[in-house]
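See structure below.
The values are calculated or read from the model by the stated rules, or taken from the named source; none is laboratory data. Since the structure is predicted, the reported quantities are computational estimates derived from the model, not experimental observations. All Cβ positions, glycine included, derive from the backbone under ideal geometry; neighbour counts span all protein chains shown. Surface areas here come from the heavy atoms of the whole protein model, side chains and all, with no ligands, DNA or RNA. Shrake-Rupley method; radii C 1.70, N 1.55, O 1.52, S 1.80 Å.
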Amino acid sequence: MKSDSFKEFVLDQLRELDGLTSRAMFGGYGLYRDGAFFGIIFKGRLYFKTDAATVKEYTRRAMKPFRPNTKQTLKAYYEVPVEIIEDTDRLIEWAKKALTVLKA
């Protein structure tokens, strides 16, 4: 795998989320909180779990679903915009929304 600097940056941005862990998967990393899978880091991009309500904010910003290869698209995970990733408070808000999707 390439440099883990993006993964380390994302984990640092999300450090206030208790119980946050990451595991290697998909040639990238899965993000978990207390064992619940809610995000993917892949090729320098971050994706969060979405549902019918939360996906609207992603598509409004022209963000795309996770596509690990040309034959597979996971429409339940959408790319998080760079401006959100760079803003710790907003990124945590978006992560919490992704976690809420799992509880629905």
Pick from THR88, THR70, THR59: which is touching an Asp or Glu at 6+ places or on another chain (Cβ under 9 Å) and either surrounded by fewer than 17 Cβ atoms within 10 Å (Cβ to Cβ) or not basic (Lys, Arg) (or both)?
THR88
For the stretch 68-89, how many residues are within 13 Å of the chain's Cα centre (by Cα) and not in a loop (DSSP other than H, G, I, E, B)?
9
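Looking for something polar (S, T, N, Q) and open to solvent by 20 Å² or more (accessible area, probe 1.4 Å) - is there at least one such residue anywhere in the stretch 33-55?
yes
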Given the structure, is THR100 at negative phi, touching a Lys or Arg at 6+ places or on another chain (Cβ under 6 Å), open to solvent by 50 Å² or more (accessible area, probe 1.4 Å) and modelled with pLDDT under 95?
no
Among the residues of the stretch 69-85, which ones are more than 12 Å from ARG45 (Cα to Cα) and either touching a residue at least 40 places away in the same chain (Cβ under 8 Å) or hydroxyl-bearing (Ser, Thr, Tyr) (or both)?
THR70, THR73
Those residues that are in a strand (DSSP E or B) and farther than 16 Å from PRO68 by Cβ, I need them from the stretch 1-35; list them, please.
LEU20, THR21, SER22, TYR32, ARG33
Which residue out of THR70, THR88, THR100 is touching a helix residue (DSSP H, G or I) at 6+ places or on another chain (Cβ under 7 Å) and among the hydroxyl-bearing types (Ser, Thr, Tyr)?
THR88
Show the residue pairs that are 6+ apart or on different chains and have beta-carbon atoms under 7 Å apart, the first residue being within the stretch 2-21 and without any contact (Cβ under 8 Å) to a residue 60 or more places away in the chain, the second being in a helix (DSSP H, G or I) and open to solvent by 60 Å² or more (accessible area, probe 1.4 Å).
none
